[in-house]
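Inspection log for the structure reproduced underneath, given as structure tokens.
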């Protein structure tokens, strides 16, 4: 089962004209990009139930490696709780993975130039068609893992 579309269509009736208009509201962050880009990336770097990405200041984050539709929805909501749509750079998900070693979380990326960091940031920052999405960030994440 695929995640919900990125756009929700809401019919709006205009009382004065009696016309029906379409209003497109963006669901942020995109669930379809979470399924195809972000969830696999987070599992790759170690955020799985058996991985090391277990405690953040906003609670646990453990993703299912091969999720069914319910798992995927739970994973999406868990990650969404750790992001800041108004200030992507302040998102706990990003700042915590950049933090120097300490507590339960080792530093995952040395800088904001990391490929995985840039893909995650693009996913969080996306707000409308035309904005860069994770797949628009041209780089290779295959060697990126949290220690």
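The table for this structure:
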quantity	calculated
Some residue of region 98-109 being modelled with pLDDT under 90, closer than 13 Å to residue 146 by Cα and in a helix (DSSP H, G or I)	yes
Residue check for residue 88: within 20 Å of residue 123 (Cα to Cα) and modelled with pLDDT of 90 or more	yes
Subset of region 63-93 [assigned to a helix (DSSP H, G or I) and free of Cβ contacts under 8 Å to residues at least 24 places away in the same chain]	70, 71, 74, 77, 78, 90
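The values are calculated or read from the model by the stated rules, or taken from the named source; none is laboratory data. Remember, predicted model here, so these are calculated numbers, not experimental data. Cβ: placed from backbone, ideal geometry, glycine included. Neighbour counts: every protein chain shown.
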